[in-house]
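The values are calculated or read from the model by the stated rules, or taken from the named source; none is laboratory data. Note that the coordinates shown come from a computational prediction; the quantities given were computed from them, not determined experimentally. Counting neighbours? That spans all protein chains shown, and the Cβs are built from the backbone with ideal geometry, glycine included.
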Amino acid sequence: MRGFDGGTGACPKERGTRGWFERMAYCSVVICKNAKAHRVTNLMFGHKIPLAETDAFESLPVSGPFNAKCDECGHEDSYKPEEVVRVESQLPESFTPHPRFV
């Protein structure tokens with residue numbers, strides 16, 4: 001069986017190099033409710049609106065409905081805390097967290 005590095009069995013972290021898993025971050029997102037605008041690019045899962053960076057165990061900082069505006073289509077809608085999901089995703093450098101998630 002081959003290791004992460006193609007044969008030696010050492011994972012990239014053990015060798016001192018950065019693996020893809022080290023650059024990933026968890027973030028809280030909601031799925032844009034304007035499905036028509038995103039149908040062509042993301043039919044199966046919808047467009048994810050990033051709200052804030054988080055970790056695998058942090059609790060949700062909101063308890064009631066909140067508004068979020070889609071960064072791609074500009075549609076703003078109301079979301080419930082139950083609609084927030086945690087995904088593993090790389091956030092852009094220019095990302096600004098949602099005010100209710102700070």
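Tabulated data
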item	result
Filter result (touching a Leu at 6+ places or on another chain (Cβ under 8 Å) and either loosely packed, with under 10 Cβ neighbours inside 10 Å or at pLDDT below 85 (or both)) within the stretch 15-69	25
Selection status of residue 29, in contact (Cβ under 8 Å) with a residue 60 or more places away in the chain and of a type outside the set (Phe, Trp, Tyr)	yes
